[in-house]
Amino acid sequence: MLNRRLLRVKVFQALYGYFQSEDADIVKGEKALFLSIDRVYQLYLHFLMLPLEIAHIAQLQMEEAKGKVLPSKEDIEPNLKFIDGYVLKALEGNHLLKKKANDQQVSWVQHQELLQRIWRKVKTSDFYSQYINNEGADHRKFIIQLYQRYILDNEDLYTQFQEQSIYWDFEDCDFAINMAIRYFDKIKSEELYKQLPAQYKDNEDDVLFVRDLYRKTIANDADNTRFIEEKTKNWEVERIALLDVILMKMAITEFLQFPSIPVKVTLNEYIELAKQFSSPKSKLFINGVLDKLLIEFKNNNQLKKSGRGLIQ
């Protein structure tokens with residue numbers, strides 16, 4: 001479930017903390033790194049459970065409306081199309097999801113006021129009205145659009161999660177929500193989709209990748225720094241943005257220490273990370289330095305690729 005792009009991001013963040021610290025501890029840093037990865041999966045489970053939480057709030061409000069002194073026909077006979085939809089039924093019946101959520105202590109208790117505000121916006125929208133009044137409207141598409149309109153990029157929601165845990169940032173929320181949307185898109189009926197992606201695509205391989213990338217980037221720091229210095233003669237490494245330096249050190253480590261990862265994959269990944277985390281000019285700068293280094297590594301026969309790493 002957690003792809004290599006995200007794993008690289010988490011290693012990058014851990015290395016930034018390590019190289020910034022005056023008394024860095026590689027073991028403590030590694031523990032914090034894996035905890036941060038665990039927390040992203042926990043966040044993903046939160047957003048898988050969210051439709052049930054919103055539906056629960058909707059149901060409570062419908063029950064309260066029936067108790068009005070002068071209830072309307074709509075209060076007495078509310079439209080149950082949303083809370084009875086097949087996506088919610090599938091989530092409710094997914095015992096593996098519920099067990100995982102319970103094991104990970106996933107809870108929306110702290111966010112009830114925010115969820116009520118979200119539901120009020122949904123309930124009073126033309127978007128919701130069109131859905132409940134259209135017999136042919138698909139429940140799965142409604143849930144996905146609800147996330148895209150009211151959950152994705154919801155600053156109040158993101159801020160509350162960030163305040164709840166130092167390991168949850170805006171990028172994590174974006175990733176978790178988009179992964180939840182992809183999960184919902186696979187639900188075709190309440191019966192046919194009761195699966196749940198594991199935290200890692202390949203637990204042993206991915207854990208080893210994270211650990212090795214973190215530790216080997218630190219272990220080879222002196223060599224990596226020298227490589228960068230040789231290709232940036234007009235710059236002092238100390239004057240290059242630390243984010244750029246760390247990204248280049250990670251890329252060099254993958255080039256030289258990870259035989260099964262193709263060079264193009266590594267190069268593309270770190271250019272994308274430069275776009276995401278560094279300055280607008282960093283992409284070109286990092287690409288230029290890494291291109292020069294690759295030529296040197298190839299000429300010196302330093303690239304020891306094998307298996308999948310041989311793919312051009």
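The values are calculated or read from the model by the stated rules, or taken from the named source; none is laboratory data. Nothing here was measured: the structure is a model prediction, and the numbers come from that model. So basically every Cβ, Gly included, is an ideal-geometry build from the backbone, and we count neighbours across all protein chains shown.
Determine whether segment 228-250 contains at least one residue that is of a type in the set (D, E, K, R), closer than 29 Å to Phe34 by Cβ, outside the structural domain of Ala14 (by TED's automatic domain parsing) and crowded, with 19+ Cβ neighbours inside 10 Å. Yes, some residue in segment 228-250 is of a type in the set (D, E, K, R), closer than 29 Å to Phe34 by Cβ, outside the structural domain of Ala14 (by TED's automatic domain parsing) and crowded, with 19+ Cβ neighbours inside 10 Å. Against the condition on the phi < 0 side of the Ramachandran plot and not in a helix (DSSP H, G or I), how does Asn102 come out, does it pass? Spelling it out, it is not the case that Asn102 is on the phi < 0 side of the Ramachandran plot and not in a helix (DSSP H, G or I). When Leu157, Leu114, Leu152 are checked against the criterion of being free of Cβ contacts under 8 Å to residues at least 40 places away in the same chain and surrounded by 14 or more Cβ atoms within 10 Å (Cβ to Cβ), a single residue qualifies: Leu152.
The residue list Ala180, Ala222 contains one member that is assigned to a helix (DSSP H, G or I), surrounded by 16 or more Cβ atoms within 10 Å (Cβ to Cβ) and among the small types (Gly, Ala, Ser), which is Ala180.
The single condition among (1) within 16 Å of Val9 (Cα to Cα); (2) not in a helix (DSSP H, G or I) that Leu273 does not meet is (2). When each of Leu33, Leu2 is tested for being closer than 30 Å to Tyr214 by Cα and at pLDDT below 95, the lone residue that passes is Leu2. When restricted to residues that are touching a residue at least 24 places away in the same chain (Cβ under 8 Å) and farther than 14 Å from Leu33 by Cβ, segment 201-213 contains 1.
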